[in-house]
Amino acid sequence: MTDTDVSEFSTAPGAYRPDIDGLRTVAVGSVVAYHFFPVTAHGGFIGVDIFFVISGFLITSILAREIGEGGVAFADFYARRARRIFPALAVVLLAALLFGAVLLDPEEFRALGLHVAAGAGFVSNALLWSQSGYFDEAAEFKPLLHLWSLAIEEQFYLFWPLALWLGARWRLPLWALALGIGAASFALNLDLAQRDAVADFYFVGARIWELLIGAMLALAPKRLRALSPAAAHALSLLGGALILVSLWRIDAQPAFPGWRALGPTLGATLLIAAGPRAILNARLLSPRLMIALGKISYPIYLWHWPLLAFARISQGGHIPPPASWGLIALAIVLAQLTYRFIERPVRSGARGARSALGAAAAIAALGAVGLWDHSMGGIFFPDAAFVRTAHEGDIGQTKFREYMNAHTQPCPQSLQAVFARRSEGVLLCGQSIAGATPEIMFVGDSHVENFFLGVAEASPGRNVGYYLRNALPFVEDSRFTSVYRWIASEPKLHTVIVSVYWLQRLHDLPAGARLRDKLNEIAAPLTALGKRVYFVLDVPNFQFRVTQCKYEGRLGAPQICDENRAAFDRRLASYAGELEAVAAANPMVRVLDAAHLLCDEKRCSMTANGKLLYRDDHHLNIDGSRLIGAKLLSAYPEIAD
């Protein structure tokens, strides 16, 4: 999200670019459409990449002009940044804390405090990176998720002015400097896209090439930027086409950004390079409405996501289209008010240094409040008296992870030697009895943890192990290949149980591949050695937040603990037949139906006997794992034979 106002660029005579304000409208409109209507606007997230290009171009243009006039005034540069970005951000962070105090439960409000602190410190990308994966709460319920892009920009601007200043002192071609750093960042982006998609998305080093594309345009020699009218129109049309195709064709899978981010970034670069008189720039990007929305695109971006997240929290997840349009209108209204009464007065005030320090102090104070809230477990909920508990049970990851660590032994040394060479991404491994080879081995993703604890505690005489990665556990995946070889080489290991969050992981299935064929590649070599292989029909996943069950509803939020079984069975049907087909073709393969152990004929529930069984909408907590483990061994006693 670019936080650079085009008016900052207009300090040079005649430099104001109304079409860039219009391009900002395209960018923020794409992002807002994607967040509110992800099925329709499935490529809208590329708006952030467009913002990066705009920001890189505008800021570098300012810095290049200052260098040409004698050097970068670093204090003035960062004071302008503070006056520009801190006021609106402070208002949104404060609003998030106030809304959170009313709508969130103690655990959620404590987590919000950490995100407020990260937003104030411009390290949201690092926090989200550290929390990402299956072990984190659903993204749509994080009110400050969107601040990751602002963090990347501000981290970039910590070093870029100094790099330009040093480059000028050493008489380096500044466009070549931008090209070199950008090329290194793009290469890292391509590498991480293959190895660690989460790091590729959040790591500043893998994203700054997008800002540097805009920077290279700003630093290009004037003779290269001089275009004939025909060439300008051609670049404008090509740039618009690249953005349009990206919006239409790109979706979140496979990993993004990778090479696919070239479409929107190059499209934005070509539109900027074409100039304000080019055909699309003049006709589509420069009307008054486009300019007006572009001027408030930064506060629109800041407001829209918290409004949507808190609405989802209060209503249990689903927001109907009329309400979505109402929230979008509210975001625009709040953005205009923020721009008119907060941003502009601070930026245009005569006391520039004082206003910058005041804005910085406000941000620092909010960051301190966020840290205090997090350390105190929710400053408004010291004893959780504000929220009435309906069902006892732990939610979140902390207590579950502490229990796992305390009751799980390290992996066998022989298995540790196997995966030590393939350590990228999420990896967890353990066993129930130290110093022995497991007899029963769970393999898969984080849903392995739904069953491991319960099965291990229900069969204390057996050594139960587990190995999980944040991926489909296919044989050809290098993170699993050696593990299956290790399983095959261990004669005492007689049972392999494959558990996966199939409903989500099916999206990662390679194009043209059949799930049953991939599962047979797992089962065939193991059953040929006499080992039993089980594929798990997963426990119910719910279409509402676990806190709606644990705590009594408030402010109109309904209390929900169960779901219609027919709805769950329809989701289950997307993969159950594939698992059963493998079992039907191989007598040593069996399907474990954990899907219905928490259901009756009509409903599936995340509670039993007054206890909550889930830590989020698809992961069991300690009580849930114990219950499901006992039920599995009762229904399938041969597992522990």
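Quick look at the numbers
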quantity: Charge dipole of the range 113-182 about the Cα centre (unit charges at C-beta), most positive-ward option of L128, Y157, P173; calculated: P173
quantity: Crossing angle, helix 576-585 versus the chain [Cα axis fit, 0-90 degrees, rounded to tens]; calculated: 40
quantity: Gyration tensor over alpha-carbon atoms, the range 405-538, equivalent ellipsoid semi-axes in Å; calculated: 22, 16, 15
quantity: Vicinal HN-Hα couplings computed from phi for the range 333-347 (Karplus, 6.51 cos²θ - 1.76 cosθ + 1.60; Hz; Gly/Pro x); calculated: 5, 4, 5, 5, 5, 5, 5, 6, 10, 10, 5, 4, x, 5, 5
quantity: Farthest positive-ward along the chain dipole, Cα basis, beta-carbon charges - from L308, F109, A183; calculated: A183
quantity: Cα shape, the range 46-185, gyration tensor, a/c 1.5 rule; calculated: prolate
quantity: The chain - charge dipole about Cα centre, Lys and Arg +1 at Cβ, Asp and Glu -1, debye rounded to 20; calculated: 1940
quantity: Peptide ranges 575-581, 56-62 listed from the most packed, as the mean C-beta count within 10 angstrom indicates; calculated: 56-62, 575-581
quantity: Calculated on alpha-carbon atoms, Rg and Dmax of the chain in Å; calculated: 27.1, 83
quantity: Between helix 478-489 and the chain: long-axis angle, C-alpha atoms, 0 to 90°, nearest 10; calculated: 10
quantity: Interchain or long-range residues, amide H under 5 Å from Y614's placed H; calculated: N621
quantity: Mean projection area, nm², convex hull over Cα of the range 516-628; calculated: 8.2
quantity: Only Lys, Arg (+1) and Asp, Glu (-1) charged, at Cβ; the range 578-641 dipole about Cα centre in debye; calculated: 260
quantity: Built amide H within the under 5 Å cut-off of V536, gap 5+; calculated: V498, V500, L592
quantity: Solvent exposure ordering (accessible area, 1.4 Å, most first) of I622, I50; calculated: I622, I50
quantity: Rounded FRET efficiency, nearest 0.05, which uses the C-beta distance separating Y16 from A73 and R0 of 22 Å; calculated: 0.50
quantity: Mean residue ellipticity (222 nm) of the chain, computed from DSSP H runs ≥ 4 via -39,500 (n - 2.57), nearest 500; calculated: -18500 deg cm²/dmol
quantity: Nitroxide proxy distance, nm - points 7 Å out along Cα→Cβ at E521 and Q409; calculated: 3.4
quantity: Carbon and sulfur %, accessible surface of the chain computed with the full protein complex present, 1.4 Å; calculated: 62
quantity: Spin-label zone in the range 510-552 - amide nitrogen under 19 Å from a point set 7 Å from the Cα of S478 along the C-beta vector; calculated: 510
quantity: From phi via Karplus (6.51, -1.76, 1.60), per-residue ³J(HN,Hα) for the range 92-106 in Hz, x at Gly/Pro; calculated: 5, 5, 5, 4, 4, 5, 5, 4, x, 5, 8, 9, 9, 7, x
quantity: Accessible surface ranking that places the most exposed of F141, F341 first, with a 1.4 angstrom probe; calculated: F341, F141
quantity: Distance between modelled label sites at L289 and A139, nm, 7 Å Cα→Cβ extension; calculated: 3.0
quantity: Share, in percent, of DSSP beta bridges within the chain that are antiparallel, nearest 5; calculated: 40
quantity: Point-charge dipole on Cβ atoms (K/R +1, D/E -1) for the range 68-213, about Cα centre, debye to 20; calculated: 700
quantity: Pair R570, S489: separation of 7 Å Cα→Cβ label points (nm); calculated: 4.8
quantity: Shape call, the range 186-282: gyration tensor on alpha carbons, a/c limit 1.5; calculated: oblate
quantity: Computed accessible area, D600, all protein chains, 1.4 angstrom probe, square angstrom; calculated: 90
quantity: Under 13 Å, Cβ to Cβ, from A630 - net charge with Lys/Arg +1 and Asp/Glu -1; calculated: 0
quantity: Rounded FRET efficiency, nearest 0.05, which uses the C-beta distance separating L162 from L506 and R0 of 60 Å; calculated: 0.80
quantity: Shape of the range 579-638, Cα gyration tensor, a/c cut at 1.5; calculated: prolate
quantity: Where K492, K142, K611 fall by accessible area, highest first, once all protein chains stay in place (1.4 Å); calculated: K492, K611, K142
quantity: 3J(HN,Hα) from dihedral phi, the range 354-369, Karplus parametrisation 6.51/-1.76/1.60, rounded to Hz, x for glycine, proline; calculated: 5, 5, 5, 5, x, 5, 5, 5, 5, 5, 4, 5, 5, x, 5, 4
quantity: Per residue, the convex hull volume that the Cα atoms of the range 213-329 enclose (Å³); calculated: 146
quantity: Acute angle (nearest 10 degrees) that the helix 47-68 long axis makes with the longest principal axis of the chain, alpha-carbon atoms; calculated: 40
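The values are calculated or read from the model by the stated rules, or taken from the named source; none is laboratory data. All figures in this text were calculated on a predicted structure; none of them were measured in a lab. Cβ sites come from the backbone with ideal geometry, for glycine too, and all protein chains shown count toward neighbours. All accessible areas refer to the heavy atoms of the entire protein, side chains included, with ligands and DNA or RNA removed. Shrake-Rupley method; radii C 1.70, N 1.55, O 1.52, S 1.80 Å.
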